[in-house]
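The structure under discussion appears below in the form of structure tokens.
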Amino acid sequence: MQGRLRPGDVLRDLDLAARYGVSTSPVREAIADLAAERLIETATHSFKRVAPIDRERSLEFFAVFRLLALHGYELGAARIDASGLAHMAEVLAGQEADGGASFSLFVDFHDPVFVACGNRELRRMLGLNHPWLQRLVVLLIGRNHPRDVTLRQAHSTLVALQAGDSGRAVALFRQSLDDLQAEIEQIPEIY
């Protein structure tokens, strides 16, 4: 998910099949999967379009995600080991080399902290690869939240974890969630 298609964009099976060099069968299967995740709206024999983002639904989803994420981060930040920190440093270096932040920074960078929390069920429930979360982050990072801010927050978080300051790392993660929530609150009612 890269944010190339905007909410409301109409999707045509034949156009997508030609674009990706496949038959329409896998396109229809992919559309059905995305419709099940409520990322695409469909009407029988009518239209297929990228679903709009509903601000209230997004805020409800994010409130639950935020609670779980903060709990997992509090547990994991105190337990992360050297290999987790090395992975975080590698992800951050790759993002800096690529010239900016992305959804993969959010997921790949923070995931070692959630692994360190030791609670597999919490990680499953967080659903860091949840399509709705991915869509929000892809659409909002760079829109109102400059990439350099995201990278600075990640760098500061890594420095805090490397210094053993889990409280500071949690505070920085909380700030990044607060920033994302503020951006969600600013999207139009239906985007």
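Numerical summary
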{"read-out": "Qualifying residue in region 21-31 (condition: within 21 Å of the chain's Cα centre (by Cα) and over 30 Å from Leu161 (Cα atoms))", "value": "yes"}
{"read-out": "Among (1) modelled with pLDDT under 85; (2) over 30 Å from Pro112 (Cα atoms); (3) not polar (S, T, N, Q) - the single one Met1 does not satisfy", "value": "(2)"}
{"read-out": "Helices (runs of 4 or more DSSP H) lying entirely in region 130-191 (those with 3 or more residues that are surrounded by 17 or more Cβ atoms within 10 Å (Cβ to Cβ) and at pLDDT 80 or above)", "value": "147-162, 166-186"}
{"read-out": "Test: residue in region 57-73 that is free of Cβ contacts under 8 Å to residues at least 60 places away in the same chain, buried (at least 16 other Cβ atoms within 10 Å of the Cβ) and not in a helix (DSSP H, G or I)", "value": "no"}
{"read-out": "Flag for Glu56 being out of contact with any helix residue (DSSP H, G or I) (no Cβ under 6 Å at 6 or more places or on another chain), modelled with pLDDT of 90 or more and among the charged types (D, E, K, R)", "value": "no"}
{"read-out": "Count of region 19-56 residues which are of a type in the set (Gly, Ala, Ser) and in a helix (DSSP H, G or I)", "value": "5"}
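The values are calculated or read from the model by the stated rules, or taken from the named source; none is laboratory data. This is a predicted model, so every value here is computed, not measured. No Cβ is skipped: glycine too gets one built from the backbone with ideal geometry, and neighbour counts run over all protein chains shown.
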